[in-house]
1. Considering only the stretch 122-142, state which residues are loosely packed, with under 10 Cβ neighbours inside 10 Å and among the aliphatic types (A, V, I, L, M).
2. Could you list all residues from the stretch 54-74 that are under 13 Å from the mean Cα position of the chain (by Cα) and of a type in the set (D, E)?
3. N116 - would you say it is surrounded by 10 or more Cβ atoms within 10 Å (Cβ to Cβ) and without any contact (Cβ under 8 Å) to a residue 24 or more places away in the chain?
4. Considering each of K145, K68 in turn, give the residue that is open to solvent by 100 Å² or more (accessible area, probe 1.4 Å) and assigned to a loop (DSSP other than H, G, I, E, B).
5. Take the conditions within 58 Å of the chain's Cα centre (by Cα) and either not in a helix (DSSP H, G or I) or not small (G, A, S) (or both) and apply them to K13. Does it pass?
Amino acid sequence: MSSKKDLESMSEKDILVELLKEQRGETRARRITMVFMGLICCSVVVALILIVPKVTGALDDVKKATAKVGDVITTVESKVDMLDSTIKDIDGMVKNVDDLVVSNTDNLSQAAEKLNSVDFVKLNQAINDFADTVQPLSDFFNSFKIP
C-alpha cells in the first residue's frame, strides 16, 4: 500500500482498487504456496509408498537373521556343553590310564624281580642233568622199536 498521505488524498474507489490489487497478489502468493505444499505432500506420500515396503522387508530380513543367529547360538551352546562333558570324560579316562600304568608298572617290577631272582646257571645245569638222566631211558625204549 501507499503511504498514509497518499491514502488520505485517494478516493474510496481508488482505495478499493488498490486493496483489490493487493488481495489478488496475496491470493496469487497463497495459490503458489498451496501448489508447492501440495507438491511437497505428494512427494512425501510417494516417498512413503516407495520406502515403507522396503523398510518392512528389511525389518523382516532382520527378524529372520536374528532368528537364525539365535539358532546358531543354541547350537554352539549345545556343542560347547558336549565338549565340556567330553573333556571331563577324557580327564577320567586319563586318570584311569594313569592308574593302569601305575599298577602295571608295579606288576612289571615284580615280574622283573622274579626273573632276576632265577638262577639261570642252576636252571641250565638242572636241564642238562635231566637230559643226561632221560637219555639212557630213551635209548632203552628205542631198542624195542619195531622197524
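1. L137
2. D71
3. Numbers: surrounded by 10 or more Cβ atoms within 10 Å (Cβ to Cβ): no; without any contact (Cβ under 8 Å) to a residue 24 or more places away in the chain: yes.
No: the conditions fail for N116.
4. Values: K68 fails: assigned to a loop (DSSP other than H, G, I, E, B).
Matching residue, one of K145, K68: K145.
5. Numbers: within 58 Å of the chain's Cα centre (by Cα): no; either not in a helix (DSSP H, G or I) or not small (G, A, S) (or both): yes.
No; evaluated as a whole, the condition is false for this residue.
The values are calculated or read from the model by the stated rules, or taken from the named source; none is laboratory data. The structure presented is a predicted model; accordingly, all values stated were derived computationally and were not measured. Note: ideal-geometry Cβ built from the backbone for every residue, glycine included; neighbour counts use all protein chains shown. When the accessible area is computed, the model is the full protein with side chains, heavy atoms only, and any ligands, DNA or RNA have been set aside. Shrake-Rupley method; radii C 1.70, N 1.55, O 1.52, S 1.80 Å.
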